[in-house]
1. In the stretch 156-170, which residues are in a loop (DSSP other than H, G, I, E, B) and either out of contact with any strand residue (DSSP E or B) (no Cβ under 8 Å at 6 or more places or on another chain) or open to solvent by 100 Å² or more (accessible area, probe 1.4 Å) (or both)?
2. May I ask you to list pairs of residues, at least six apart or on different chains, whose Cβ atoms are under 8 Å apart, with the first in the stretch 57-79 being under 15 Å from D36 (Cα atoms) and the second being of a type in the set (A, V, I, L, M, F, W, C) and open to solvent by 40 Å² or more (accessible area, probe 1.4 Å)?
3. Within the stretch 80-103, which residues are free of Cβ contacts under 8 Å to residues at least 12 places away in the same chain and either within 24 Å of R134 (Cα to Cα) or among the aliphatic types (A, V, I, L, M) (or both)?
4. Taking the stretch 4-16 as the search range and keeping residues that are open to solvent by 90 Å² or more (accessible area, probe 1.4 Å) and within 39 Å of the chain's Cα centre (by Cα), which one is modelled with the highest pLDDT?
5. Checking M48 against (1) in a strand (DSSP E or B); (2) within 14 Å of the chain's Cα centre (by Cα), which test does it fail?
6. Taking the conditions exactly as written (at negative phi, surrounded by 13 or more Cβ atoms within 10 Å (Cβ to Cβ) and not in a helix (DSSP H, G or I)), does E88 satisfy them or not?
7. So which pairs qualify, if the first residue must be in the stretch 147-167 and touching a residue at least 12 places away in the same chain (Cβ under 8 Å), the second must be among the basic types (K, R), the Cβ gap must be under 8 Å, and the two must be at least 6 apart or on different chains?
8. Give me the residue from the stretch 65-85 that is within 22 Å of K115 (Cβ to Cβ) and under 14 Å from the mean Cα position of the chain (by Cα) and, out of that set, least open to solvent (accessible area, probe 1.4 Å).
Amino acid sequence: MGRLGIFSRLRSQKVEEVQRLQNVFENIEDGLYEIDLKGNFTFVNNSMPRIFGYPKEELLGMNNRQYLDPETSHRMYMVYNQVYRTGEPTKGVDYEIIKKDGTRGYVETSISLIKDNSGKPVKFMGIIRDVTERKKMEQAIYESEKKYRALFEESIEPLYIVTFDGKFIDVNEAM
């Protein structure tokens, strides 16, 4: 096989690799995004509209102040600022978003700073996951625990919880 054949095969492999990566980016369940240093989306994958409730065309160019309340916007500014100042990525940052229809959702994100060839920061890249259902379950567990605790503490009957070997774990006031 001549040089032309080798280069043609390499080019074909590169194209297939790029297409495979593009397919992953566009079809992964989590949202992938890039934002400029002012907080505007410059790239969003196909999961972002589902998570945010906005069409892709509206998300592109949208500033974070448009889908965050003022308090959350300030908190996220501080998170991005820390990533900018230190250059260190962060992960597991959760916050509430306001969707186009006005409903609220919860997301968790990781954020990395992207620099140009000279080392100058140019944008942020992140992965975002919709954790709304998890937050709802956590709230339901919290409310259930609160009710259980109130029943336990306020009961006029003596109540206690012990281990299998008879050690007291908890007792109420009546006990």
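1. Listed by number, the residues that qualify are I156, E157, F164, D165, G166, K167.
2. Here the result reads L60/F43, each pair linking the stretch 57-79 to a residue that is of a type in the set (A, V, I, L, M, F, W, C) and open to solvent by 40 Å² or more (accessible area, probe 1.4 Å).
3. The answer is G102, and nothing else.
4. Of everything passing the filter in the stretch 4-16, E16 is modelled with the highest pLDDT.
5. Condition not satisfied by M48: (1).
6. no
7. Partner pairs satisfying both residue conditions: none exist.
8. By that ranking, first place goes to M76.
The values are calculated or read from the model by the stated rules, or taken from the named source; none is laboratory data. Owing to the predicted nature of the structure, the values given are computational and were not obtained by experimental measurement. Note that each Cβ is placed from the backbone with ideal geometry, even for glycine, and that neighbours are counted across all protein chains shown. Just the protein is used for accessible areas: all its heavy atoms, side chains included, with ligands, DNA and RNA removed. Shrake-Rupley method; radii C 1.70, N 1.55, O 1.52, S 1.80 Å.
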